[in-house]
Amino acid sequence: MKKRFPRQRHNRRCPGLRPAGIAALVLPLLTAAPALAQDDGRAPSLPDSMAEEPPPPDRIQTLEDRINELGDRLRESEVAAQKRVSPLSWNGYVDFGFFVPLGNGGAGWVRDAGNMRFPEYQNYSWTFLGDILATAVNTRGEVADLGDAPGVTRFDSVNSNGAASFILSEINLRPRYQLSDRAIMRASVNFVPRTGSDFALGDFVDADVGELEYLLTADGKTSLFVGKTMPVFGIEYKDRKSDQRFGITPSLTARYTTGSQLGLKMRSKLFNDYLILAGSVTNGSSTIEISTSTARSTRTTARP
């Protein structure tokens with residue numbers, strides 16, 4: 001037995017119902033796609049024509065003119081600042097300390113009386129052992145005591161006789177005057193207060209530098225010095241002053257390399273100051289004055 005199903009009837013009055021529904025679904029999907037593309041976090045790029053377009057020539061010229069104007073103003077302000085600075089400047093220090101001699105009355109030598117220590121020198125009347133400048137107590141190289149050598153007359157500036165004492169070694173003043181862009185005048189004066197004896201003043205003044213420096217080149221690397229200048233040998237003369245060095249007393253080499261010289265000196269700095277060439281024409285050597293005066297007196301300490 002066959003079973004019949006009723007035939008479904010289509011509404012012929014609305015033949016476009018299904019296509020319209022499909023189109024309605026597609027339209028929202030198409031309109032949502034650009035919205036999703038805009039929300040992906042990337043900024044929209046500018047047109048290439050604007051990136052490649054150069055600035056107008058008059059604008060570049062204006063910027064260059066302003067940069068040049070600012071550079072001129074900066075140079076003028078630097079020149080004005082240099083003019084406001086005084087060409088005269090002062091430097092200096094006060095060297096004050098305390099020392100304690102250890103034995104032998106502060107002297108650095110002993111007399112070999114009767115030639116007990118050196119019998120091989122029996123043909124000499126006087127024989128001495130030691131270093132007369134070994135007991136230095138300040139950067140000037142002054143010793144605690146020079147001792148009492150026979151037949152010698154010399155100035156014992158400290159003369160402690162082996163006693164501990166405070167000492168005002170020196171008062172230093174270093175003026176500097178800028179004569180011009182390439183000429184500089186310098187001086188160094190030491191005021192040395194000492195105790196006088198036998199109706200003689202102990203205080204004295206020591207001028208160890210009095211020079212004129214002229215810069216031969218614009219970069220300031222080559223200079224000519226005239227006057228009483230620093231020596232050209234060694235390196236210890238650069239920090240011989242008490243405010244420029246860590247130690248107190250000078251080394252043995254400093255006796256012969258740190259003394260001021262009177263004459264002409266030329267100096268040139270090369271390879272970023274790694275190499276310094278210097279030469280001088282002077283009256284004397286670079287021995288410090290205290291060693292020179294002592295050397296003259298000690299020549300008579302040993303005689304046949």
Checklist entry - With labels modelled as points extended 7 Å from the Cα through the Cβ direction, what inter-label distance (nm, one decimal) is found for N272 paired with A200? => result 5.5 nm
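Starting from the Cα-Cα distance between Y121 and K221, subtract it from 0.36 nm times their residue separation and give me the gain in nm to one decimal.
Working: separation 100, 0.36 × 100 = 36.00 nm, distance 5.48 nm.
Fully extending the segment from Y121 to K221 adds 30.5 nm.
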Item to check | Over region 79-182 - Rg/Rh using Cα atoms and the Kirkwood inverse-distance radius | outcome: 1.29
Next on the checklist: For a 26 Å ceiling on Cα separation, which of these pairs sit above it: K83/K265; K83/K221; K83/K228; K221/K241?
Outcome noted: K83/K265; K83/K228
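Which order, highest average first, do 144-150, 282-288 follow once you tally other Cβ atoms within 10 Å for each residue and take the mean per peptide?
Values: 144-150: 19.3, 282-288: 15.7.
My ranking of the peptides, most packed first, is 144-150, 282-288.
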Checklist entry - Based on the Cα atoms of region 75-133, what semi-axes does the equivalent ellipsoid have, where each is the square root of 5 times one gyration tensor eigenvalue, given in whole Å with the largest first? => result 60, 16, 7
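Here, each number is a calculation from the coordinates, and none is a lab measurement. Everything numeric in this text was worked out from a predicted model, so none of it was measured. We place every Cβ from the backbone using ideal geometry, glycine too, and count neighbours over all the protein chains shown.
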